[in-house]
1. Determine, yes or no, whether GLY63 is part of a helix (DSSP H, G or I), without any contact (Cβ under 8 Å) to a residue 40 or more places away in the chain and loosely packed, with under 11 Cβ neighbours inside 10 Å.
2. Looking at LYS109, LYS88 in this structure, which one is more than 12 Å from the chain's Cα centre (by Cα), surrounded by 13 or more Cβ atoms within 10 Å (Cβ to Cβ) and not in a helix (DSSP H, G or I)?
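Every number in this text was worked out from the coordinates using simple rules, so none of it is lab data. This is a predicted model, so every value here is computed, not measured. Here Cβ is always computed from backbone atoms with ideal geometry, including for glycine, and neighbour counts include all displayed protein chains.
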Amino acid sequence: MNPESSDSEAADRGIVNGLEGDDWVERYARSHQHAMNRACHMVGIPMIALSVLLAGVLFFIPGFWPVPVSLFLVGWMLQFIGHAFEGKPPEFFQDWRFLFVGLRWWFSKLRR
């Protein structure tokens, strides 16, 4: 990054604290090396994402709440089970913004 570039130029390029989008995913991937951790994340991440999407349905279908709540809880349990195999804490313990990187990592794995 050019030291003379402004913060707005960095924001236009998607740079946050010196990391570009792919750098965030790469750093996330480094803490997800164990096969069991990756498997848990490949299942758990979409469960969490789907639960968030389905939460909007709660306003229209009474009694539907167990579905998104269950998806959310099981998805997070899988994340922490995976990190137990990895032997490392989740990246978001260091930087909360990694909560938003997991889904991008998941999509990058699907494209391979």
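1. Criteria not met by GLY63.
2. LYS88
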